[in-house]
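Peer 1: My questions will all concern the structure given below.
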Amino acid sequence: MAAMLRILTAGESHGPGLAVIVEGMPAGVPVALEDVARDLARRRHGYGRGGRQRFEADAFEVLAGIRHGRTLGSPVAITIPNVEFATKYARLMGVEGRLDEGEALTRPRPGHADLAGAMKYGFDDVRNVLERASARETAARVAGGAVIKALLTQLGIAIVSHVVRIGKVTAPAGIPEPSAQATIDRSPVRCADPEASKAMVGEIDRLRRAQDSVGGIFEVLVWGAPPGLGSYVHWDRKLDARLAAALMSIQSVKGVEVGDGFASAARPGSKAHDAIVRGSDGRIRRRTARAGGIEGGMSTGQPIRLRAAMKPFSTVPRPLPTVDLATGEAAVAIKQRTDACAVPAGGVVGEAVVAHVIADAVLEKFGGDSLGEIARALETYLEGLP
Ligand SMILES: Cc1cc2nc3c(=O)[nH]c(=O)nc-3n(C[C@H](O)[C@H](O)[C@H](O)COP(=O)(O)O)c2cc1C
């Protein structure tokens, strides 16, 4: 299905830099550069990140699409340089030049894109793969997502993320509201519960000491989405399918859940759905929030609740067994600078990709070239709801 709002990213992890283009942003949306900077900083944050996040500044530049603080309706283009390119990687990752003998990386990491990517593109240096497969790319998506969130904010839609599991440690149940985001961000693991937060830090330390990595689960909540985003009429219009694909596209995400998802498979039907009732204000409401705010591929008007499971990273301090592609001999995988855990950052990336899907569905439903047109169409629609 043709998207109303497109995000394109480019950039290698240690190349000159990253670029993102957001195409389809309506005109007149106020965008504060501090908000883009804040989300980029939130992505770098988190207990368990590697050394890179300490020096990477993500000093972005907006090249197009915004004038005097408002979008123009033209593509928004942002670039983010990689700090180490000039000092350390100019030769290895230069647009011109070549490698010296023996500099190619030929021992692919199990669990990373290295081997399948080298096979697919016919490379004998897996750096050609890992540089782009790397989650450094997610900085570009987060910058684009911050611009998109500015549109959602104007329409009363807020996105929150928090970490609900790291390794064996699970946070107690709870659905944080947008006002909780600042507190969540103060937790070193972006977990809403202080006790669980401490235990999660302990879990990361435990696995780091064991020279290992650890995965987890983050949750993304969308507050204020009107009912009727997405559609049941065709498979590729379904909002849950589109959100699941967006979350699954995040590096290392291996499972996505909508609402109670997997848990509802174990429940009887009488305890798996959200009864429809009339509230004291006369409006239609739901008694529970099991479906996660989506039924039949459409938003219901309840908070949308999504979870994504990140696997433990494959770049581990004690490298895993592999085969050297140059010699055909058994070997150990290459070592790269790595995070022990990036589930807190994963949540921030999750917000960006979810913002993109929600805004795309908003533009489909309410159309409009400018913020004013969209806001008016949304208001009229909400007024007509039962
Ligand atoms: C924010 C973030 C940071 C990541 N950092 C690392 C890392 O430091 N080391 C690593 O091996 N994988 C890291 N990953 C995961 C890899 O990029 C990912 O596993 C790899 O590209 C293969 O893709 P797949 O796991 O989706 O199959 C990170 C993922 C995210 C979302």
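Here, each number is a calculation from the coordinates, and none is a lab measurement. Being a predicted model, the structure only gives us computed values, none of them experimental. Note: ideal-geometry Cβ built from the backbone for every residue, glycine included; neighbour counts use all protein chains shown.
Peer 1: Rounded to the nearest 0.05, what FRET efficiency is calculated for LEU382 and ARG267 with R0 set to 30 Å and r the Cβ-Cβ distance? Write down the numbers at each step before the final one.
Peer 2: Values: r = 32 Å, r/R0 = 1.07.
Given R0 = 30 Å and the Cβ-Cβ separation, E is 0.40.
Peer 1: In this model, which of LYS88/LYS335; LYS311/LYS335; LYS168/LYS311; LYS271/LYS311; LYS149/LYS238; LYS149/LYS271 are farther than 23 Å apart at the alpha-carbon?
Peer 2: Too far apart for the 23 Å limit: LYS271/LYS311; LYS149/LYS271.
Peer 1: Work out which helices of the chain, taken as complete DSSP H runs, extend at least 30 Å along their axis over the Cα atoms and score a mean Kyte-Doolittle of 1.0 or more, then list them.
Peer 2: Values: long enough: 343-366 (34 Å, 1.21).
Passing helices, by number: 343-366.
Peer 1: Round to the nearest 0.05 the FRET efficiency obtained for ARG318 and ARG278 when R0 = 41 Å and r is the Cβ-Cβ distance.
Peer 2: Working: r = 60 Å, r/R0 = 1.46.
With a Förster radius of 41 Å, E is 0.10.
Peer 1: Another question about this same structure. Would you mind ranking TYR121, TYR47, TYR381 by Cβ crowding within 10 Å, fewest neighbours first? All intermediate terms of the calculation are to be shown ahead of the outcome.
Peer 2: On the way: TYR121 9, TYR47 22, TYR381 14.
Going from sparsest to densest Cβ surroundings: TYR121, TYR381, TYR47.
Peer 1: On to the next question. Gain in length, GLU373 to THR183, computed as 0.36 nm per residue apart minus the alpha-carbon separation, to one decimal in nm? Please list the in-between numbers first.
Peer 2: Details: separation 190, 0.36 × 190 = 68.40 nm, distance 3.45 nm.
That pair, GLU373 and THR183, stretches by 64.9 nm at full extension.
Peer 1: Which trypsin sites (Lys or Arg not before Pro) does region 74-141 hold that lie in a coil by DSSP with at most 12 other beta carbons within 10 Å? It would help to have the intermediate numbers written out before the result.
Peer 2: On the way: sites: LYS88, ARG91, ARG98, LYS120, ARG127, ARG132, ARG136, ARG141; in loops: ARG91, ARG98, ARG136.
Here the trypsin sites (Lys or Arg not before Pro) that fit, given the DSSP loop and packing criteria, are ARG91, ARG98.
Peer 1: How long is the gain from LYS335 to ALA32 if the chain were fully straight, where each residue apart is worth 0.36 nm and the alpha carbon distance is subtracted? Each step should come with its number before you reach the end.
Peer 2: Numbers: separation 303, 0.36 × 303 = 109.08 nm, distance 3.90 nm.
Extra length from LYS335 to ALA32 when fully extended: 105.2 nm.
Peer 1: So who's got an amide H within less than 5 Å of the one on ILE334, skipping anything under 5 residues away but keeping other chains? H placed 1.01 Å off N, in plane.
Peer 2: Those lying under 5 Å, H to H, from ILE334 are ARG107, ARG109.
Peer 1: Arranged by the count of other C-beta atoms within 10 angstrom, fewest first, what order do ILE276, ILE294 take? Numbers along the way, then the final one.
Peer 2: On the way: ILE276 10, ILE294 24.
Result, fewest neighbours first: ILE276, ILE294.
Peer 1: Compare ARG242, ARG318, ARG278 in a GNM of the chain, Cα atoms joined below 10 Å, and give the one with the largest fluctuation.
Peer 2: Greatest mean-square fluctuation among the candidates belongs to ARG278.
Peer 1: Among the aspartates and glutamates, which have Cα under 20 Å from the Cα of LYS365 when same-chain residues fewer than 8 positions away are ignored?
Peer 2: GLU23, ASP236, ASP240, GLU295, GLU373, GLU379, GLU383
Peer 1: Which one of ALA291, ASN128, LEU99 has its Cα pushed farthest toward the positive end of the charge dipole of the chain, where Lys and Arg give +1 and Asp and Glu give -1 at the Cβ?
Peer 2: ALA291
Peer 1: Where is the GNM fluctuation largest for the chain (alpha-carbon springs, 10 angstrom cutoff): GLY122, GLY167, GLY73?
Peer 2: GLY122
Peer 1: In debye to the nearest 20, how big a dipole does region 6-383 give about its Cα centre with +1 on each Lys and Arg Cβ and -1 on each Asp and Glu Cβ? Display every interim value, and only then the final one.
Peer 2: Details: 49 positive and 43 negative charges, 215 e Å.
That gives region 6-383 a dipole magnitude of about 1040 debye.
Peer 1: Starting from 0.36 nm per residue, how many nanometres of slack lie between THR327 and ALA86 once their C-alpha separation is accounted for? Show your work: numbers first, answer last.
Peer 2: Working: separation 241, 0.36 × 241 = 86.76 nm, distance 3.22 nm.
Going from the current span to full extension adds 83.5 nm.
Peer 1: Also, I was wondering about something else. Mind checking which of GLY215, GLY69, GLY97 has the largest fluctuation in a GNM of the chain, springs on alpha carbons under 10 Å?
Peer 2: Sorting by GNM fluctuation, first place goes to GLY97.
Peer 1: Taking the chain as the region of interest, what is the percent of Cα-Cα pairs per 10 angstrom bin, listed from the shortest bin to the one with the maximum distance?
Peer 2: 5, 22, 30, 25, 13, 4, 1, 0
Peer 1: Using just the helices of the chain, give the 222 nm mean residue ellipticity in deg cm²/dmol: DSSP H runs with n ≥ 4 each add -39,500 (n - 2.57), and the total is spread over all residues, rounded to 500.
Peer 2: Details: 11 runs with 122 residues, N = 386.
Helix-only estimate at 222 nm: -9500 deg cm²/dmol.
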